[in-house]
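The values are calculated or read from the model by the stated rules, or taken from the named source; none is laboratory data. Quantities reported herein were computed from a predicted structural model and do not represent experimental measurements. Counting neighbours? That spans all protein chains shown, and the Cβs are built from the backbone with ideal geometry, glycine included. Protein only, heavy atoms only, side chains kept; ligands, DNA and RNA dropped before computing areas. Shrake-Rupley method; radii C 1.70, N 1.55, O 1.52, S 1.80 Å.
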Amino acid sequence: MTAELVRGQNHPLSQSRLEIRISAGTPVAAAAALSDENGRIHGTEWVAHPGAPVQPGLEVSRQAAADHRLAVDLDAVTEAVHRVSVLLALPAANGGAGPARFGAVAAPFVAVTGLDGTEVANYTITGLDLESAVVALELYRRQGAWKVRAVGQGYAGGLAELFADQGLSEAAQLAAGIDEAVARGLARSVQAPPPRTSEGDRSRQAAAPAVGPDQGAAPQGAPGPVPPAYGGQPAGGQGQGGPQPAYGGATGPHASAGGGPVNYSHPRRQTSAPPPPPPAAPPAQPGQPTRPVAGDATGWSMEERLYNQVWGMFEDLARTAAAYRSAVDFAESRMDKELEQALSDPRSRIGGQGDAAREAARARYTQLVDQARASLDRDVAQLVAESEVVEPALPPAFARWDNPCWHAYRVPMEIPMALRLGDLRLPEAESIRIPMLLRLPLERGLWIDSGRTDSLDGSFTDSHDMRRLAMDTAVAHAARLLAVYPAGEFTVHVVDPAGSGAQALAPLTQSGVLAGPPAQGAAGVTEVLARLTQRVDLVQMALRGGAPDALPPGFDTSQQLLIVNDFPHGFDDRAVNQLRYLVDEGPSVGVHLMMVADREESAGYGPLLDPLWRALLRLTPVPDDHLADPWVGHAWTYEPPAVPHGSEVLRTVLTQVAEARRTWNR
């Protein structure tokens, strides 16, 4: 039975290998500190944090996210360690773009589980206000046994004050290093996988047009879920116990957009009927693995089951690849040690003893690597078999452009929970591609990098080709967004100051799905940015005033996407500041940005634009291994969505979207 702790309460631990699961309504940086019996941290090497995620017995996430999983092995910590403290901090407290105090966000939830996912104890950290860093709980040694205690001690001075309170002399330097590590990870994170248990309220409701918070996902720098660098709320849209309306600046059902009182209801309390059972797998032949079935993950709908199954495949591939890399590293270190021992003995240099020792060491290395490779190949083969049944079953929002489901496409009546932005793969498993799913509504903008690069296959792509490919990729993303939203629920604006993207934009302009012709020249840039900036201001004022129904008559409540090509051409200083404002404030009120740009072309602005690039999820028009996950540190290769050559699927889908928009506007 799970122990639901309150502040100061403790509970015995019967296992030494544990997982600490953290759920927050906003991206937080997680760390773990080792301390002695007096609670003192003896040095920076006693702290596992995003800049140094692995310490003896500890492994933490490498970036800020709304959901974290920390690995703890109490048997692996040294005898000098008597406490393991789990620390949470808001990146915004040191110059980030999010909330600056825990009192403005949902109460963080921390759970201690076994490796099998069984929850031992949990703690909802309530009563926080001005604090920007908090000691969530601690695992401590008492008379040879370990216990967990709910702490909830907050610090308004952030991590620097927290570390200083625990006796660390380099407190300020360590806090600054953690902030820098988090900032580096924001622009390259993969979204966190959703929880794979059936706990929590998973029911979904359609977004209301007037009020609501953002989805509380990790920075989808993941991408977060991740995630992730790709941040993720628990699948189902109400993972913290309430619906997700379309607009608002607070996160989750615990805080109102106007800064109202915080609801401290238990975030894991189940309040609705259980989901129907998933499809049963057919019986496997003796000695054979279970045959995979599409939609056999937990969830309250087939869409959610498939979403969770995809992320389960992502986790499985990440873990099996990490195990393979670890085994290879061990084999290499063992061979090096054996060779060093053989060469250090002068007697081995006489006759054939040295050669025999070297051959034996290499043979043992080959044996270990072959065993690890066989295990990896077995797991990858199972994932490939699962992918072969999952891919055909995916709905259009999750499917590739070559999936037959697009031939039967109809404009949907409800907003899906996620959108496919491409595929992810690892070099050890070239035969498997994992769909990269991003939760909707978008929580951060997208940056399609048109800068020059060497593609992974060795071919060189010049700047002209990259610009063309980048715009084609942006159009494919925009078309998919238009296709998965109901009629009238998504509006696209385009800023193309020099008109260089006219050819790539033809599918959007010719089908009539844009809000208006692409804006050109400095005057066009100014007009579009002013209109969208005013929209953000109006919605924010309505929400803060508690009167979302007071918006002007005829106000378009749909989600808005601005595609910007050739930045910073046509942008003056005022336009640049407006763009930064839309990136920071727009997503919470339904205004999103897609940049098609080469960062080097805006180098003249210096560090002024660094927050802009970090706030966007960087994607590329060619395969690039630039996305990182915060769990095992893999550099995932991202492959953009490709419309089959000569296919009419894009034109067909956009034609249906345009017709549905015309019907809806009558």
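Net charge of the neighbourhood of GLU340, taken over other residues with C-beta under 12 Å away and scored Lys/Arg +1, Asp/Glu -1, is 0.
Applying both filters, DSSP loop and at most 12 other Cβ atoms within 10 Å, to the GluC sites (Glu not before Pro) of region 1-79 gives GLU37, GLU79. Computed with a 1.4 Å probe over protein heavy atoms only, the accessible area of SER14 comes to about 120 Å².
Region 590-619 and region 463-495 have their alpha-carbon centroids 17 Å apart. The share of accessible area on region 559-640 that comes from carbon and sulfur is 46 percent, using a 1.4 angstrom probe.
Once every Cα of region 458-588 carries one equal point scatterer and solvent is ignored, give the base-10 log of I(q)/I(0) from the Debye formula at q = 0.17, 0.21, 0.22 Å⁻¹, two decimals. Taking Cα atoms of region 458-588 as identical point scatterers yields -0.99, -1.34, -1.41.
In the context of the full protein assembly, THR124 retains an accessible surface of approximately 20 Å², using a probe radius of 1.4 Å and ignoring ligands and nucleic acids. Expressed as a whole percent, the accessible surface of region 75-152 that belongs to carbon and sulfur atoms is 46, based on a 1.4 Å probe.
Here MET541 sits with roughly 120 square angstrom of accessible surface, probe radius 1.4 Å.
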